[in-house]
Amino acid sequence: MTSIRSRLSISLIISLVIVGFLIFIFFYVKRQFSKSHTEVSQVVMVKKITSMGKLELVKYAMKDIVEKKEVHTILPDERVLFLAVGEVTACIDLTKVKATDVKQTADSVIVTLPQPEICYVKLDHQQSKVYDISGAWFPGNAKEMVEEVYKIAEQKILEASREMHITDKAKENAGLIFKPLLETIANKKVALQFK
């Protein structure tokens with residue numbers, strides 16, 4: 001009787017150990033298979049090196065809502081509603097200033113600068129959002145519509161900055177920012193004019 005009990009207790013203990021081991025193996029294997037990690041590989045190549053000489057004088061941060069619609073006669077119209085957030089910067093290219101553009105007198109300096117230009121237009125891809133796409137039958141169509149609306153939005157922001165006379169503001173800021181710097185360096189009165 002005691003031998004049967006001892007055999008039964010030993011069998012029970014062995015069974016519990018085996019079940020515990022199997023449960024441990026199950027959770028260990030499950031954890032190993034559910035683990036994931038991300039690997040990113042990249043190769044960075046320098047495409048072009050450009051010497052910089054542009055003095056940025058004004059930056060407009062802008063928002064625009066762009067709706068692009070393709071109207072079809074039979075199929076439903078394709079439509080994208082897009083919130084564009086970006087910036088436009090105007091600058092003066094100081095690499096275009098030559099020695100002949102700087103004239104000195106006894107008590108003053110006259111500097112002739114090139115006309116201000118728009119340095120860049122940049123959309124902020126983090127803040128810009130596509131709010132609605134409708135009528136696109138295939139995923140490729142939707143992707144093309146979004147790419148086109150990005151280009152249109154960038155162009156619209158550029159046009160709006162021109163309408164707001166961003167280059168005139170750059171001229172004004174040249175007098176406020178660049179002129180005092182030149183006066184400090186030259187220790188003379190500086191007059192700025194534009195080609």
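The values are calculated or read from the model by the stated rules, or taken from the named source; none is laboratory data. In this text, all values refer to a predicted model and were calculated from it rather than measured experimentally. Note that we place each Cβ from the backbone using ideal geometry, even for glycine, and neighbour counts take in every protein chain shown. Accessible surface is based on the protein model in full, side chains and every heavy atom, while ligands, DNA and RNA are left aside. Shrake-Rupley method; radii C 1.70, N 1.55, O 1.52, S 1.80 Å.
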**Message:** Between the stretch 64-131 and the stretch 139-169, what is the separation of their alpha carbon centroids in Å?
**Reply:** 10 Å
**Asked** In terms of Cα to Cα distance under 13 Å, which aspartates and glutamates are near enough to Lys129, apart from those fewer than 8 places away along the same chain?
**Response** Asp64, Glu67, Glu147
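Report the net charge of residues surrounding Gly86, where surrounding means a beta-carbon distance below 10 angstrom and charges are Lys +1, Arg +1, Asp -1, Glu -1.
On the way: positive: Lys63, Lys122, Lys156; negative: Asp64, Glu87, Asp124, Glu154.
Here the charged neighbours net out to -1.
Find, to one decimal place in angstroms, the Kirkwood hydrodynamic radius of the stretch 79-129, where the mean of 1/r is taken over every pair of different Cα atoms and then inverted.
Mean inverse Cα-Cα distance, inverted, gives 14.3 Å.
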**Prompt:** Can you give the extra length, in nm with one decimal, that the chain gains between His125 and Asn187 once fully stretched, where that is 0.36 nm per residue apart less the Cα-Cα distance?
**Reply:** 17.8 nm
**Item:** Spin-label model distance (nm) - Asp107 vs Thr95, 7 Å beyond Cα toward Cβ
**Value:** 3.9 nm
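All other residues with a Cβ under 12 Å from the Cβ of Gln115 taken together, and with Lys, Arg as +1 and Asp, Glu as -1, what is their net charge?
Details: positive: Lys96, Lys171, Lys195; negative: Asp93, Glu117, Asp168.
Value of the local net charge: 0.
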**Request:** May I ask you to give the solvent-accessible area per residue for the stretch 54-195, in square angstrom, as obtained with a 1.4 angstrom probe?
**Result:** 63 Å²
**Request:** Sequence neighbours fewer than 8 away in the same chain don't count; with that in mind, list the lysines whose C-alpha is under 16 Å from Lys188.
**Result:** Lys103, Lys179
**Asked** At q = 0.11 Å⁻¹, what log₁₀ I(q)/I(0) does a Debye calculation on the Cα points of the stretch 98-195 give, no solvent, two decimals?
**Response** -0.55
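For Asn187, what is the net charge nearby, where nearby means another residue's Cβ is under 14 Å from its Cβ and Lys, Arg count +1, Asp, Glu -1?
Net charge around Asn187: +1.
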**Prompt:** Rounded to the nearest 0.05, what FRET efficiency is calculated for Gln155 and Phe26 with R0 set to 41 Å and r the Cβ-Cβ distance?
**Reply:** 0.10
**Extension gain from Arg7 to Ala61, taking 0.36 nm per residue of separation minus the Cα-Cα distance** = 11.2 nm
